[in-house]
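Q: Questions regarding the structure given below will be posed in turn.
Every number here is computed from the coordinates shown, using simple stated rules; none is lab data. Computed from a prediction, not measured in an experiment: that's the story for all the values here. Cβ atoms come from the backbone with ideal geometry, glycine included; neighbour counts cover every protein chain shown.
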């Protein structure tokens, strides 16, 4: 959801969630900022006013945002560390256009839908993967993960603000387990703070099961209702499932194993093959480009059904 917020000479357009809002609020209040809501949108903008461009090194979250400084006539754009939130841009006649979706840029007069030679080659060769910073359309780019950009009367420049480092692992087994548990718990529970109904996707795989385990523990410890979890299945899937060394059991076996041992309220959504085919085009339109065919349409249908009851979901 795109949000906007203005304060003084600054205007913010923002999509995402800042997980360390509480810590940032404390810093701002200690420096005489009034915080008038529980919104991370307000905290983000006032953090930028306080820290300047260095705010990017104080954020823990997923985000894509732009801040316009009226006095400086300058716009600051940034994207989160791993690029969870998209941020596209193009320059036309000296004007910078940006959006969270490619299709939004084409609403501006003069922005042409021209396929890029490298982009279309990558789409057929390695799609949906692509070279960071590029798109399948000519002269349309994305802000890379862990990068910010500045546009003003002097021009346009992009800078990297963070890079993943590989360090020598010196912890013993027990220390490794303790740190891994802390990091998983911290990263998952920080994302459970939401004003909207929240759930997890549970496929029975390792990633979704770990997320659900920590999330359901949090709900139980905080005296909250059981965590809502959702899984997807297909008509006649169990009937047609064939065991193999790679997958000795169907997903439902592992989903049942998790739900029987966790503090959850589980829901299963069943989809039929004709529905997948009928939604292939809608899934492509949602992505703005061809992707992973029935996997995309399956995810689209799954999310549409979950959205009837839940607004926010944790998944890998």
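Q: Would you please classify the overall shape of region 73-219 from the alpha carbon gyration tensor, given that a ≥ b ≥ c denote the square roots of the eigenvalues, rounded means a/c under 1.5, and beyond that prolate means a/b larger than b/c while oblate covers the rest?
A: Values: a/c = 2.05, a/b = 1.94, b/c = 1.05.
Prolate, because a/c is 1.5 or more and a/b exceeds b/c.
Q: Measure nothing fancy, just the Cα-based angle from helix 40-51's long axis to the longest principal axis of the chain, in degrees from 0 to 90, nearest 10.
A: Between helix and principal axis, roughly 40 degrees.
Q: Take the Cα coordinates of the chain, assign each an equal point scatterer, and use the Debye formula without solvent to give log10 I(q)/I(0) at q = 0.08, 0.15 Å⁻¹.
A: Taking Cα atoms of the chain as identical point scatterers yields -0.46, -1.43.
Q: Now for a separate question. Does anyone have the angle between helix 251-261 and the longest principal axis of the chain? Alpha-carbon axes, 0 to 90°, nearest 10?
A: The angle comes out near 90 degrees.
Q: How far apart, in nanometres, would the label points at residue 15 and residue 91 be if each is projected 7 angstrom from Cα along the Cα-to-Cβ direction?
A: Here the modelled spin labels are 2.3 nm apart.
Q: Which length gain, in nm to one decimal place, applies between residue 167 and residue 112 when the Cα-Cα distance is subtracted from 0.36 nm times their residue separation? If you can, show how the numbers build up before the last one.
A: Working: separation 55, 0.36 × 55 = 19.80 nm, distance 4.49 nm.
The residue 167-residue 112 span can extend by a further 15.3 nm.
Q: So, one more: Based on other C-beta atoms within 10 Å, arrange 24, 262 from fewest to most. Walk me through the numbers on the way to the answer.
A: Working: 24 23, 262 20.
Exposure proxy ranking, most exposed first: 262, 24.
Q: What is region 184-240's relative contact order, in percent, from Cα pairs under 8 angstrom and six or more apart in sequence?
A: Numbers: 44 pairs, mean separation 20.2, N = 57.
The value is 35 percent.
Q: What residues of region 190-228 lie in the reach of a label at residue 37, counting those whose backbone N is under 13 Å from a point 7 Å from the Cα along Cα→Cβ?
A: In region 190-228, the label zone of residue 37 (backbone N under 13 Å from the point 7 Å along Cα→Cβ) covers 195.
Q: Further question on the same structure: Counting only helical runs of four or more DSSP H residues, what would the 222 nm mean residue ellipticity of the chain come to if each run contributes -39,500 (n - 2.57) and the total is spread over all its residues? Could the numbers behind the result be given before it?
A: Details: 11 runs with 113 residues, N = 316.
The helix contribution divided over the chain gives -10500 deg cm²/dmol.
Q: Short version: what are the Cα gyration tensor semi-axes of region 173-314, square root of 5 times each eigenvalue, largest first, in whole Å? Please list the in-between numbers first.
A: Numbers: eigenvalues 158, 77, 48 Å².
Here the semi-axes work out to 28, 20, 16 Å.
Q: Turning to a different aspect of this structure: Looking only at region 75-114, which residues have a backbone nitrogen under 20 Å from a spot 7 Å from the Cα of residue 121 in the C-beta direction?
A: Backbone N within reach: 114.
Q: Testing the spin-label approximation: label points 7 Å from Cα along Cα→Cβ at residue 103 and residue 316. State their distance in nm.
A: Going from the residue 103 label point to the residue 316 one covers 2.9 nm.
Q: What's the angle, to the nearest 10 degrees (0 to 90), between helix 294-307's Cα axis and the longest principal axis of the chain?
A: 90
Q: Let me ask something additional. Could you tell me which of rounded, prolate or oblate describes region 3-160, using a ≥ b ≥ c as the square roots of the eigenvalues of the alpha-carbon gyration tensor, with rounded for a/c under 1.5 and, failing that, prolate when a/b is larger than b/c and oblate otherwise?
A: Working: a/c = 2.48, a/b = 1.75, b/c = 1.42.
Note, shape of region 3-160 comes out prolate.
Q: At a 10 Å Cβ-Cβ cut-off, how would you order 10, 230, 157, fewest neighbours first?
A: Numbers: 10 18, 230 22, 157 10.
The fewest-first ordering by Cβ neighbours comes to 157, 10, 230.
Q: May I ask you to derive the FRET efficiency for residue 236 and residue 277 from their Cβ-Cβ distance with R0 = 22 Å, giving the value to the nearest 0.05?
A: Efficiency at R0 = 22 Å is approximately 0.90.
Q: Can you sort 35, 67, 75 by how many other beta carbons sit within 10 Å, fewest first?
A: Values: 35 15, 67 21, 75 18.
If I rank by nearby Cβ atoms, fewest first, I get 35, 75, 67.
Q: Continuing with this model, one more query. Given Cα pairs under 8 Å that are at least 6 residues apart, what percent is the relative contact order of region 3-160? Could the numbers behind the result be given before it?
A: Details: 273 pairs, mean separation 31.1, N = 158.
Once normalised by length, the contact order is 20 percent.
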